[in-house]
Every structure is written in structure tokens, then in C-alpha cells.
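Report on the structure given below.
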Amino acid sequence: MKILGIESTCDETAAAVVENGTRVLSNVIASSIDLHKKTGGVVPEVAAREHLKQIAPVIDHALEEASCAWDDIDAIAVAHAPGLIASLLVGVNSAQAIAYIQNKPLIPTHHIAGHIYSNFLDREEDIQFPILVLTVSGGHNELVLLKGHHEFEVLGETLDDAAGEAFDKVARLIGLGYPGGPAISKAAESGDGTRFDLPRPMLDKENKYNFSFSGLKSAVLREQQKLGELKEQDVNDISASFQEAATDVLSDKLKLAADEFDVKEVHLAGGVSANKRLREKCEEKLQGRVFHAPKQIRYCTDNAAMIASAAYFLQEKDKSVLGSGKTVEIFSQKPL
Ligand code: KG4
Ligand code: ZN
């Protein structure tokens, strides 16, 4: 079964064709990130206007790259929550129009479920449940127990900033560009991660599966204020020290939950799962367990292949979703 996925929840306009949930035939992403660099973050209206420009060419490109005509497509999947409302409207309206004109079923799909399914893209091995998934993005940060296909139990989540948001805010604080994650991890390569003694927040028992990065962010602010004008080495050292603290918290909680729930597999997903240091620490701490992070960096950040994959497994579980797209509801902040 070939599904055309469409994703427009934030600043990436994306379309992809995926066969049977795992085989990626195309994965096209147009990002408006360069426009948001100027403002140091995503301006929702600018993102929505860009989606409108990009959506039709991106869909055409995805079909062309997959060598598919409309007749080859069995269903359309679209991310309908959570996200920026004006951005969501572009993807959902386009998907509905196509489904109507081409007479295809439309499957509304949750964006975070998409991130969770990004680890099944290009996958050949059998899937073994239960799976523990840490989703770490700019807009969301959750620890999820995947008991079977689309059976989610959220064990914990962030109480303030998501991990990627913390990377972005710290980067802005120390004068690195947007998005902060790649900039911080690059600067950290030349930095000393032990120079600043930053807190590892929320490792106490009560909040063992929740996250909070605002204290860590404030600690960075205090160090920056003490130093005054930052030299290049200061920026590199702050980046490395921050990255060490953030990745310690994420990997420790993942290990704790993997042991408590004795899961068969452990996955990392979302934009921050592109972080090399985080992957290294997870691999080290989870030795003896099956550990996966998305097979390509393009599957970590927002993309439509993950939406098509999640939709495939959703309709495998419950065929009634194939008729559910006639009236898609948009939820800007719908939890998983
Ligand atoms: O999943 P995503 O594309 O968008 C959301 O759904 O939020 O994640 C974007 C986030 C940004 O905050 C970005 O700074 C972060 O992922 N990110 C990284 C890296 N690459 C992207 N964070 C840390 N290290 C990276 N290499
Ligand atoms: Zn995302």
C-alpha cells in the first residue's frame, strides 16, 4: 500500500510516498528555516505563507521522485495536530482537496505519532513491542511506552521547555543562530564540557519521567552574565557544557524507564535525536538492549515520510480510519 504523506505543522512543508509503512519512495522537505533565521525563531504567519507557496510543488516533487501517478497512491495522510494553526490549515486543506478530487481515503495523523514512527522508516527487522520512545523536538518532549501499534502510554513530558526549545534558547543567549541544536552541537565539538558545572534537572524520584529545562537555561544565563562579552572559546565551552547536561538528563531518564518497563526496544525520535552526543550516550547506557535512532537525519526533524508510516500502521490496526478524513478536525495542541 502506497501512502502520500503531507506535513505542515511548523516551518517544514513536506510530502513523501511510503510503501507499507517502511519503504520510503520519496521524502521531499522544503524548509522556511532561512527566513526564520532572521527573526531568531519561527514567526507563524511567515511560516504559513511559505507553506502556501511550497505545498503544491512539494507534493508534485514527491510523486515524481517516487515515480508515482495518482492512480498508484492508495491513501493520503496528513498531520492534523499538534502545530501552528495557520500552518496546519495549509496542509490539511490541501490534503482534503486532493483526497476529494482524486477520490482517495484521507487519514488524519498525529504529528508526534509520526515522530514515533520515524524509527520504522527503512526498517527491515521485525518490530518487537513494548518499545520505549523518547521524543525530543523543538515543540515536544515526551517519554512514551509503545505497547503495540498506536497504543501509547505517555510516561512523562516536559513541564516547561522541550529539549529542542532549550537548545534554541541557549543558542540565542550565546549568540549562535537558529536553529540552535545543530549550532550548539557544532560549537561543542571545540568546547570543554566540564568547564561549567550546570545542573542536571529533574533527576529526583517524584519527577523521574518528567523533564524541565528552564533551570538549566537560567544557569547558562547566569554564567553568561558573569563572563560579560563572550569570546569564541567561551561560546564553545558553554555549548559543550550545556549539551553534556541536557544529554545526561535525557539519556539517564531513558535508561531508568527502559529498566523499569523492561522493554524490547528503545527509540529516540524528533529533531534532537539528530544530536550525536545524545546518540552516543544512549548507546552506551543502553548496552544489551536494542536501541534505534532514525536511520537518516532527514527522518529526525519534521518530514512527511514519518506521517505516511504512522498512517499506514493506523489503518492496518483500524480500517475505519480510512473513512475518517471527510471532516478532519484540526487540533493545534492536541496531546498524544
Ligand atoms: O522535530 P523538529 O524538526 O520540530 C518539532 O516538531 O519541534 O525539531 C526541531 C528541533 C529544533 O529545536 C532544533 O534545534 C533541534 O530539533 N535539533 C537539534 C539538532 N538538530 C535539530 N538539537 C540538538 N542537536 C542537533 N543536532
Ligand atoms: Zn516535530
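Values quoted throughout were computed directly from the atomic coordinates according to the rules given, and no laboratory measurement underlies them. None of these values were measured; they are calculated from a predicted model. Glycine gets a Cβ as well: all are built from the backbone with ideal geometry, and neighbour counts include every protein chain shown.
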>> If you fit an axis through the alpha-carbon atoms of helix 163-173 and take the longest principal axis of the Cα set of the chain, what angle between them do you get, 0 to 90°, nearest 10?
In response: 50
> Counting other Cβ atoms within 10 Å of each Cβ, which trypsin sites (Lys or Arg not before Pro) in the range 193-297 have at most 10 and sit in a DSSP loop?
Replying inline: Lys205, Lys231
> Using the alpha-carbon centroid of each, what span in Å lies between the range 271-336 and the range 202-249?
Replying inline: 27
>> Could you tell me how far the Cα centroid of the range 15-32 sits from the Cα centroid of the range 84-147, in Å?
In response: 12
> How large, in Å, is the chain by the Kirkwood hydrodynamic radius built from its alpha-carbon pairs?
Replying inline: 20.2
> So which of Lys37/Lys255; Lys37/Lys217; Lys147/Lys205; Lys104/Lys295; Lys231/Lys255; Lys147/Lys208 end up more than 27 Å apart by C-alpha?
Replying inline: Lys37/Lys255; Lys104/Lys295; Lys231/Lys255
> Can you list the HN-Hα couplings for the range 219-234, worked out from phi with the Karplus curve (6.51, -1.76, 1.60; θ = phi - 60°), rounded to whole Hz and with x for Gly and Pro?
Replying inline: 5, 5, 4, 4, 4, 5, 5, 5, 7, x, 5, 8, 8, 4, 5, 4
>> Charges on Cβ only, +1 for Lys and Arg, -1 for Asp and Glu, centred on the Cα centroid of the range 89-195; of His115, Gly139, His150, which one is farthest towards the dipole's positive end?
In response: Gly139
> Can you list residues whose amide H is under 5 Å from Ser26's amide H, if they're 5+ apart or on another chain and H is modeled 1.01 Å from N?
Replying inline: Val17
